[in-house]
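J.: Before anything else, here's the structure in question.
The values are calculated or read from the model by the stated rules, or taken from the named source; none is laboratory data. Source: prediction; values computed, not measured. Every residue, glycine as well, gets a Cβ built from its backbone with ideal geometry; the counts of neighbours run over all protein chains shown. When the accessible area is computed, the model is the full protein with side chains, heavy atoms only, and any ligands, DNA or RNA have been set aside. Shrake-Rupley method; radii C 1.70, N 1.55, O 1.52, S 1.80 Å.
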Amino acid sequence: MHMNMKKLKKIAKFGLKYAQGQWRVPISEKTRWNIAVPVQVYWMVTRRCNFECQFCDVIRHPDNVREELTPEEAVRFVHQMADMGIYKLGISGGEPLLRKKHILAAIRTANEHGIWTGLGTNASLLDEENVVELAEAGVNHLSISLDGMEETQVYLRRNPKAWSGVVNALRLVKEKTGGRMFAKLNYVLNNQNIDEILPVVNFAGENGVSIVFVPYNTYNQGFIRTMTQVEIAEKDNLWVSAENQSKYEAIIDNLIWIKKKSPTAILNTVGHLRQVKTFFTNPKSNSSNACGSAYRNMHIDPLGNVIPCWTFTQSMGNVKTQTLKEIWYSQEYNKIRKAMLKCNLLCMGGCRMYPSIKDLVFDGTRMVRAKVFG
C-alpha cells in the first residue's frame, strides 16, 4: 500500500467536501444569491522566478518584494480558511520555493486543519531536502511544469535545468516521500510543442503521474477578440497556426480517447478537452459558458490582494487588513461575482475544467484506488 490511512482520510474528506460544495455553486449562479463557500484559495506567493518561460506573463509585472505577505500573515489567512470550511489551498508563483519559509508556514498550518494543499513549481529547486521537507510539512501534491521532451522543454522554459529538474523531482517524490505526496504534470499547449504532446503523455505514464493540459494564453485580449487565427499566429509564434490546426485537433482527439480509456492518466474533463480543441481557431466560442470562478475560488496575490481570478484582477480587499470572510461576503464581491457570470474575457484555464459530481465519483474513485493500491 502506497499511502497511509491519514492521507487516505484526507483524500476522502476532500472528495466529500468537493461534492458538497458542487451543488451550492449552480444554485448561486442561477439565483445570484451567494450561498457558496469557496472551494479553494489560490495563493500566488511571489512573482519572482528563476526561469523566464516564453509563455509566462507573471514575471513581467514585478511587485515590491518587501510588501509581499509575511509568513505570519499567510498563517493567519490559512486559519481563516479553516474557519470558513475551505478545504483546498493552491500555492503558486513565480516560483514559490523562492519563498520557502513563507510557504512552509502556510502548508504546516493547512495540514493541521486537514486542508488539501497543492504546490505549483518548475521543479528546479526540488532537491532531496526540499522534497522531504515539503512532504513532512503536509503538501499533498506537486504540480510540476512540463511542456515537452528535453529539447523543447529547455527551449520554452529558457533554463538548462528545465528538463533535469522535472526528471529528478519525479524520482525523489517516488523514492523519498513514502506515498505522503504525489506529483502531476502541467502542460501548456502551444504551437511549439504539438508534436511533444503524446510523447509527454507516455512519459507521464512511465513515471506513474497524471497530466493536465491548458492552452497557451497570449494575455492580449485585443489579439484574440479582433484577429483571426492566422493573424494572431503571425504576431505570436506560440499561438497554434492554421497550418498546424488539423494535426493539433487530431492529437486532442487522441487525448480524449486516452481520457475515456484511462481517466486518471489525464485530469482534464472530456468537455474541457473538447473546448481546448477549438480554442485556437475561435476562442470566442468558449466565452458563452458562464464563469463560476468567483463562486468557487478566492485568489490572493503576493501583496495580499484578493481578486476574483487571475484575468479579472480588480482587488476585492486585502488579507493584511480584512478577514477572508469579510471579503467573500462583501457587497463589492457580490456585485463583481454577478458581473463575472457574463464575463467575456477569453480564457480556457484550469478553472474551466471542474469535474461534474459524476466525474468526481467515477474518475475520483479510480484515482484513489490507483494511488492507494498501485
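J.: So how far apart, in nm, are the two label points at E332 and D57 if each is 7 Å from Cα heading toward Cβ?
T.: So the two model labels end up 2.2 nm from each other.
J.: Using a Cα-Cα cut-off of under 14 Å, which aspartates and glutamates could be cross-linked to K277, ignoring same-chain neighbours fewer than 8 residues away?
T.: Correct list for K277: E249, D253.
J.: Amide H of I266 versus every other amide H placed in the peptide plane: which residues, excluding those fewer than 5 positions away on the same chain, fall under 5 Å?
T.: Amide H neighbours of I266: I211.
J.: Could you calculate the FRET efficiency of R225 with K176 from 1/(1 + (r/R0)^6), where r is the beta carbon distance between them and R0 is 56 Å, rounded to 0.05?
T.: Working: r = 47 Å, r/R0 = 0.84.
So, using R0 = 56 Å, E works out to roughly 0.75.
J.: If you don't mind, another one. Compare V37, V166, V65 by solvent-accessible area with a 1.4 Å probe and give them largest first, with all protein chains kept in place.
T.: Ranking V37, V166, V65 by accessible area, largest first, yields V65, V37, V166.
J.: Taking one equal scatterer on every alpha-carbon of the stretch 161-314, how large is log10 of I(q)/I(0) by Debye at q = 0.09 1/Å?
T.: Each listed q corresponds, in turn, to -0.37.
J.: Could you sort the peptides 323-332, 83-92 by per-residue average Cβ neighbour count (10 Å cutoff), highest mean leading?
T.: Highest to lowest by the protection proxy: 83-92, 323-332.
J.: With the full set of protein chains in place, find how many percent of the accessible area of the stretch 92-229 is carbon and sulfur; take the probe as 1.4 Å.
T.: Carbon and sulfur: 48 percent of the exposed surface of the stretch 92-229.
J.: What does the extension gain come out to for T281 and H79, with contour length at 0.36 nm per residue minus their alpha carbon separation?
T.: Extra length from T281 to H79 when fully extended: 68.3 nm.
J.: From the phi angles alone, apply the Karplus equation (6.51, -1.76, 1.60; θ = phi - 60°) to the stretch 203-217 and give each ³J(HN,Hα) in whole Hz, x where the residue is Gly or Pro.
T.: Those phi angles translate into 4, 4, x, 5, 9, x, 10, 8, 9, 10, 10, 10, x, 4, 10 Hz.
J.: Could you provide, to the nearest whole Å², the per residue accessible area of the stretch 138-269 with probe 1.4 Å?
T.: I get 42 Å² per residue for this part.
J.: Using amide H atoms built in the peptide plane, which far-off residues or other-chain residues are under 5 Å from C291 H to H?
T.: C343
J.: Amide H of N186: which non-local residues (sequence gap of 5 or more, or other chain) have their own amide H closer than 5 Å, using H built in the peptide plane?
T.: Residues meeting the criterion, in which the H sits 1.01 Å from N, are I144, S145, L146, V212.
J.: Between E136 and N254, what is the label-to-label distance in nm when each label sits 7 Å out along the Cα-to-Cβ direction?
T.: Roughly 4.3 nm, to one decimal.
J.: Which FRET efficiency value, to the nearest 0.05, is calculated for L198 and K161 with the Förster distance at 22 angstrom and r the Cβ-Cβ distance? Write down the numbers at each step before the final one.
T.: Details: r = 25 Å, r/R0 = 1.11.
Once the sixth-power term is evaluated, E becomes 0.35.
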